[in-house]
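Student: Pasting a structure here, questions to come.
The values are calculated or read from the model by the stated rules, or taken from the named source; none is laboratory data. In this text the structure is predicted, and so the values were computed from the model without any measurement. Cβ sites come from the backbone with ideal geometry, for glycine too, and all protein chains shown count toward neighbours.
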Amino acid sequence: MAIDNVGVLGGTGPQGRGLALRWAKAGISVLLGSRSAERAEQAASELRAAADVSHVTGHTNAGCAAKADVVLVVVPYYGHRELLESLQDELVGKVVVDCVNPIGFDKQGPFALCVPEGSAAQQAEKVLPESTVTAAFHHVSAVLLGDLEVSEVDTDVLVLGDDRAATDLVRELADAIPGMRGVYGGRLRNAHQVESLTANLIAVNRRYSTHAGLRVTGTP
């Protein structure tokens, strides 16, 4: 399935910008969403210069959601529900990729937060009954994504969802980034395990001063 464009809600944050940069380099048109259209366009201008492309544009979150074919949600968990509730109409009929990690921090380090619906992705599914919600890109290092001197991002991306066409589409998005591979990871009801694993990877990164990712062995 051809991917014409991707919208990134939270596109001015580190992970959103990093994914947008890599997709822009791969030739995919990217729409950055933010509460401020001016802030989004400033980020888009910086990415156009970094990637030496013209197909990155900045919009309000509503404008991004309305115009994009596929929409990523890469925002802090505390603003997740409120944002999606405000965009229900714009996201009707869209494939939504939830990348949100409900993670907290205390003196002992990172830990997974309890989400009433089970996971951030399931919360999105409940808030967006007329969208096709998937979950992916939870464990990708924003530092590696944003550094174009890193030619290949060496990681697998677990893609979860209940619609085969949608998960295949999201896997294609992962495959578009050199070194990255999209791997189907099960139904959306299992997204909490993937989201929670982020806390473990953050702990790995802190202990070993690295940017850890995942590789799934035994898959073609």
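Student: Is it the case that VAL133 is crowded, with 20+ Cβ neighbours inside 10 Å and without any contact (Cβ under 8 Å) to a residue 60 or more places away in the chain?
Tutor: Numbers: crowded, with 20+ Cβ neighbours inside 10 Å: yes; without any contact (Cβ under 8 Å) to a residue 60 or more places away in the chain: yes.
So VAL133 fits the description; yes.
Student: With region 72-191 as the region, which helices (runs of 4 or more DSSP H) entirely inside it contain at least 1 residues that are of a type in the set (Ser, Thr, Tyr)?
Tutor: Those helices (runs of 4 or more DSSP H) span 80-86, 164-175.
Student: When region 172-185 is examined, which residues are found to be of a type outside the set (Asp, Glu), surrounded by fewer than 21 Cβ atoms within 10 Å (Cβ to Cβ) and farther than 17 Å from THR217 by Cβ?
Tutor: Of everything in region 172-185, those that are of a type outside the set (Asp, Glu), surrounded by fewer than 21 Cβ atoms within 10 Å (Cβ to Cβ) and farther than 17 Å from THR217 by Cβ turn out to be ALA176, PRO178.
Student: Kindly evaluate SER29 against the criterion of being closer than 17 Å to LEU72 by Cα and surrounded by fewer than 22 Cβ atoms within 10 Å (Cβ to Cβ).
Tutor: It is true that SER29 is closer than 17 Å to LEU72 by Cα and surrounded by fewer than 22 Cβ atoms within 10 Å (Cβ to Cβ).
Student: I would also like to ask the following. Regarding LEU158, is this residue buried (at least 21 other Cβ atoms within 10 Å of the Cβ), under 18 Å from ALA51 (Cβ atoms) and under 13 Å from the mean Cα position of the chain (by Cα)?
Tutor: Considered against the rule, which asks whether it is buried (at least 21 other Cβ atoms within 10 Å of the Cβ), under 18 Å from ALA51 (Cβ atoms) and under 13 Å from the mean Cα position of the chain (by Cα), LEU158 comes out as no.
Student: Give the residue that is farthest from ARG206 (Cα to Cα), with candidates limited to residues of region 87-125 that are surrounded by 14 or more Cβ atoms within 10 Å (Cβ to Cβ) and of a type in the set (D, E, K, R).
Tutor: The qualifying residue farthest from ARG206 (Cα to Cα) is GLU90.
Student: Still on this structure: Inspect region 28-42 for any residue being touching a Lys or Arg at 6+ places or on another chain (Cβ under 8 Å), small (Gly, Ala, Ser) and either part of a helix (DSSP H, G or I) or under 17 Å from ALA176 (Cβ atoms) (or both) and give the result as yes or no.
Tutor: Looking through region 28-42, none of the residues is touching a Lys or Arg at 6+ places or on another chain (Cβ under 8 Å), small (Gly, Ala, Ser) and either part of a helix (DSSP H, G or I) or under 17 Å from ALA176 (Cβ atoms) (or both).
Student: Considering only region 205-220, state which residues are exposed (fewer than 14 other Cβ atoms within 10 Å of the Cβ) and either among the aliphatic types (A, V, I, L, M) or not in a helix (DSSP H, G or I) (or both).
Tutor: Scanning region 205-220 gives SER209, THR210, ARG215, VAL216, THR217, GLY218, THR219, PRO220.
Student: Would you pick out the residues in region 45-93 that are without any contact (Cβ under 8 Å) to a residue 24 or more places away in the chain and among the small types (Gly, Ala, Ser)?
Tutor: The answer is SER45, ALA49, SER54, GLY79.
Table: residues versus (1) under 15 Å from the mean Cα position of the chain (by Cα); (2) modelled with pLDDT under 95.
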| position | (1), (2) |
| --- | --- |
| ASP69 | yes, yes |
| LEU84 | yes, no |
| LEU91 | no, no |
| PRO102 | yes, no |
| GLN108 | no, yes |
| LEU113 | no, no |
| PRO116 | no, no |
| ALA124 | yes, no |
| VAL133 | yes, no |
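Student: Continuing with the same structure: Please work out which one of (1) surrounded by fewer than 21 Cβ atoms within 10 Å (Cβ to Cβ); (2) more than 23 Å from ASN190 (Cβ to Cβ) is the condition PRO76 fails and give its number.
Tutor: Only one criterion in (1) surrounded by fewer than 21 Cβ atoms within 10 Å (Cβ to Cβ); (2) more than 23 Å from ASN190 (Cβ to Cβ) is unmet by PRO76, namely (2).
Student: Within region 52-64, can one find any residue that is more than 17 Å from ALA176 (Cα to Cα), charged (D, E, K, R) and assigned to a helix (DSSP H, G or I)?
Tutor: Let us first name the residues in region 52-64 that are more than 17 Å from ALA176 (Cα to Cα), namely 52, 54, 57-64.
Restricting the remaining residues to those that are charged (D, E, K, R) gives 52.
This time we only want the ones that are assigned to a helix (DSSP H, G or I), so: none.
Scanning region 52-64 turns up no residue that is more than 17 Å from ALA176 (Cα to Cα), charged (D, E, K, R) and assigned to a helix (DSSP H, G or I).
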